[in-house]
Amino acid sequence: MAELSDLVYNDILTSLEKGDEAMESGEENYSLALEQYQAALTAIPQPKTDWEISLHVYTALGDLYFNMEDYESAVQAYAEAQKCPDGLEMGHIWLGLGQSYYEIDEEEKAKKALLRAYELEGEDIFEDCEDYFEIIKGDI
(Lines give C-alpha, C1' and ligand atoms only; values in the text may rest on other atoms or scores of the structure.)
Protein backbone atom coordinates (compact mmCIF):
# COMPACT_ATOMS: atom_id res chain seq x y z
CA MET A 1 0.00 0.00 0.00
CA ALA A 2 1.23 3.48 -0.83
CA GLU A 3 2.15 5.88 1.93
CA LEU A 4 1.46 9.56 2.27
CA SER A 5 4.43 11.86 2.19
CA ASP A 6 5.49 13.19 5.59
CA LEU A 7 4.47 16.69 4.52
CA VAL A 8 0.93 15.65 3.52
CA TYR A 9 0.51 13.41 6.55
CA ASN A 10 1.66 16.17 8.93
CA ASP A 11 -0.68 18.69 7.26
CA ILE A 12 -3.59 16.30 7.74
CA LEU A 13 -2.65 15.66 11.38
CA THR A 14 -2.31 19.39 12.07
CA SER A 15 -5.77 20.09 10.64
CA LEU A 16 -7.21 17.15 12.56
CA GLU A 17 -5.68 18.35 15.83
CA LYS A 18 -6.89 21.92 15.27
CA GLY A 19 -10.36 20.57 14.55
CA ASP A 20 -10.29 18.49 17.74
CA GLU A 21 -9.23 21.52 19.79
CA ALA A 22 -12.00 23.65 18.28
CA MET A 23 -14.64 20.98 18.86
CA GLU A 24 -13.55 20.42 22.46
CA SER A 25 -13.61 24.15 23.18
CA GLY A 26 -17.36 24.33 22.65
CA GLU A 27 -20.29 24.87 20.37
CA GLU A 28 -19.20 28.35 19.37
CA ASN A 29 -16.18 26.82 17.62
CA TYR A 30 -17.95 24.04 15.71
CA SER A 31 -17.69 25.92 12.41
CA LEU A 32 -13.92 26.21 12.89
CA ALA A 33 -13.74 22.50 13.71
CA LEU A 34 -15.70 21.69 10.56
CA GLU A 35 -13.39 23.87 8.49
CA GLN A 36 -10.33 22.08 9.89
CA TYR A 37 -11.75 18.58 9.42
CA GLN A 38 -12.75 19.40 5.86
CA ALA A 39 -9.23 20.73 5.21
CA ALA A 40 -7.82 17.45 6.52
CA LEU A 41 -10.16 15.47 4.29
CA THR A 42 -9.32 17.57 1.25
CA ALA A 43 -5.60 16.85 1.75
CA ILE A 44 -6.17 13.08 1.57
CA PRO A 45 -5.71 11.65 -1.94
CA GLN A 46 -8.44 9.70 -3.71
CA PRO A 47 -9.79 7.21 -3.00
CA LYS A 48 -9.99 8.68 0.47
CA THR A 49 -11.24 5.51 2.14
CA ASP A 50 -8.03 3.67 1.19
CA TRP A 51 -6.00 5.65 3.72
CA GLU A 52 -5.82 4.82 7.44
CA ILE A 53 -5.84 8.50 8.41
CA SER A 54 -9.25 8.86 6.75
CA LEU A 55 -10.74 6.68 9.47
CA HIS A 56 -9.86 9.35 12.03
CA VAL A 57 -11.01 12.26 9.89
CA TYR A 58 -14.38 10.72 9.00
CA THR A 59 -14.93 9.67 12.62
CA ALA A 60 -14.14 13.19 13.82
CA LEU A 61 -16.56 14.58 11.24
CA GLY A 62 -19.24 12.13 12.38
CA ASP A 63 -18.75 13.16 16.00
CA LEU A 64 -18.88 16.84 15.10
CA TYR A 65 -22.00 16.50 12.97
CA PHE A 66 -23.64 14.51 15.77
CA ASN A 67 -22.80 17.27 18.26
CA MET A 68 -24.18 19.82 15.79
CA GLU A 69 -27.39 17.73 15.61
CA ASP A 70 -26.86 17.24 11.86
CA TYR A 71 -27.62 13.54 12.12
CA GLU A 72 -27.94 12.87 8.39
CA SER A 73 -24.40 14.17 7.82
CA ALA A 74 -23.20 12.20 10.85
CA VAL A 75 -24.59 8.99 9.31
CA GLN A 76 -22.77 9.76 6.06
CA ALA A 77 -19.47 10.48 7.83
CA TYR A 78 -19.63 7.35 10.00
CA ALA A 79 -20.55 5.25 6.96
CA GLU A 80 -17.47 6.56 5.16
CA ALA A 81 -15.36 5.80 8.24
CA GLN A 82 -16.56 2.21 8.09
CA LYS A 83 -15.16 1.89 4.56
CA CYS A 84 -11.66 2.81 5.78
CA PRO A 85 -9.08 0.25 6.95
CA ASP A 86 -10.25 -1.19 10.31
CA GLY A 87 -13.42 0.92 10.21
CA LEU A 88 -15.78 -2.01 10.71
CA GLU A 89 -13.92 -3.05 13.87
CA MET A 90 -14.29 0.27 15.70
CA GLY A 91 -17.06 0.22 18.29
CA HIS A 92 -17.08 4.02 18.52
CA ILE A 93 -18.06 4.30 14.86
CA TRP A 94 -20.89 1.78 15.27
CA LEU A 95 -22.07 3.65 18.38
CA GLY A 96 -22.10 7.01 16.60
CA LEU A 97 -23.85 5.48 13.62
CA GLY A 98 -26.48 3.89 15.85
CA GLN A 99 -27.05 7.09 17.78
CA SER A 100 -27.38 9.07 14.56
CA TYR A 101 -29.80 6.56 13.01
CA TYR A 102 -31.88 6.69 16.18
CA GLU A 103 -32.06 10.49 16.04
CA ILE A 104 -33.44 10.37 12.48
CA ASP A 105 -36.01 7.71 13.42
CA GLU A 106 -34.26 4.81 11.65
CA GLU A 107 -34.84 2.58 14.66
CA GLU A 108 -34.03 -0.81 13.06
CA LYS A 109 -30.75 0.48 11.64
CA ALA A 110 -30.02 2.14 14.97
CA LYS A 111 -30.59 -1.08 16.86
CA LYS A 112 -28.33 -3.09 14.53
CA ALA A 113 -25.51 -0.55 14.80
CA LEU A 114 -25.82 -0.24 18.57
CA LEU A 115 -25.81 -4.03 18.94
CA ARG A 116 -22.62 -4.19 16.87
CA ALA A 117 -21.03 -1.52 19.09
CA TYR A 118 -21.96 -3.64 22.10
CA GLU A 119 -20.55 -6.80 20.48
CA LEU A 120 -17.23 -5.07 19.80
CA GLU A 121 -16.81 -3.11 23.04
CA GLY A 122 -19.28 -4.35 25.62
CA GLU A 123 -21.50 -2.27 27.86
CA ASP A 124 -18.67 0.14 28.72
CA ILE A 125 -19.01 1.87 25.36
CA PHE A 126 -22.39 3.20 26.52
CA GLU A 127 -20.93 4.77 29.68
CA ASP A 128 -21.69 8.34 28.61
CA CYS A 129 -24.89 7.55 26.73
CA GLU A 130 -26.93 5.09 28.77
CA ASP A 131 -30.17 6.07 26.99
CA TYR A 132 -28.91 4.45 23.81
CA PHE A 133 -28.02 1.28 25.70
CA GLU A 134 -31.66 1.02 26.78
CA ILE A 135 -32.60 0.64 23.10
CA ILE A 136 -30.78 -2.69 22.85
CA LYS A 137 -30.90 -3.90 26.44
CA GLY A 138 -33.72 -6.33 25.73
CA ASP A 139 -31.88 -7.82 22.76
CA ILE A 140 -28.65 -8.84 24.48
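So what are the ³J(HN,Hα) numbers for region 113-129, from phi and the Karplus equation (6.51, -1.76, 1.60; θ = phi - 60°), rounded to whole Hz, Gly and Pro as x?
5, 5, 5, 5, 4, 5, 4, 7, 10, x, 5, 4, 5, 9, 3, 9, 8
What is the percent carbon and sulfur in the accessible area of region 78-140, measuring with a 1.4 Å probe over the protein chains and ignoring ligands?
Ligands and nucleic acids excluded, carbon and sulfur give 41 percent.
By how many degrees, 0 to 90 and rounded to 10, does the Cα axis of helix 6-24 deviate from the longest principal axis of the chain?
That helix lies at roughly 50 degrees to the long axis.
Test of the criteria: in region 1-96, which GluC sites (Glu not before Pro) are in a DSSP loop and have at most 11 other Cβ atoms within 10 angstrom of their Cβ?
Sites meeting the loop and neighbour criteria: Glu3, Glu69.
Provide the net charge surrounding Ile93, with neighbours chosen by a C-beta distance below 11 Å and charges set as Lys +1, Arg +1, Asp -1, Glu -1. Please list the in-between numbers first.
On the way: positive: Lys83, Arg116; negative: Asp63, Glu80, Asp86, Glu89, Glu121.
Local charge sum for Ile93: -3.
Which shape class applies to region 72-123: rounded if a/c is under 1.5, otherwise prolate when a/b exceeds b/c and oblate if not, where a ≥ b ≥ c are the square roots of the Cα gyration tensor eigenvalues? Write out the running numbers ahead of the final one.
Details: a/c = 2.37, a/b = 1.12, b/c = 2.11.
Oblate shape, in that a/c is at least 1.5 and b/c is the bigger or equal ratio.
Hey, what's the chain come to in accessible area per residue, 1.4 Å probe, Å²? Working shown, then result.
Numbers: 7980 Å² over 140 residues.
For the chain, the per-residue accessible area is 57 Å².
Which value in deg cm²/dmol, rounded to the nearest 500, describes the helix-derived mean residue ellipticity at 222 nm for the chain, given -39,500 (n - 2.57) per DSSP H run of n ≥ 4 and division by the residue count?
After summing the helix terms and dividing by the residues of the chain, the value is -22500 deg cm²/dmol.
Please report the spacing between the Cα centers of region 93-140 and region 38-83 in Å, no decimals.
Spelled out, the Cα-based centre of one part sits 19 Å from the other.
Please state the relative contact order of the chain as a whole percent: Cα pairs under 8 Å, 6+ residues apart?
Reported as a whole number, the value is 15 percent.
The values are calculated or read from the model by the stated rules, or taken from the named source; none is laboratory data. Model, not experiment: these values are computed from the prediction. For neighbour counting, all protein chains shown are included, and Cβ atoms are generated from backbone atoms with ideal geometry for every residue, glycine included. Calculation scope for accessible area: heavy atoms of the full protein, side chains included, ligands and nucleic acids excluded. Shrake-Rupley method; radii C 1.70, N 1.55, O 1.52, S 1.80 Å.
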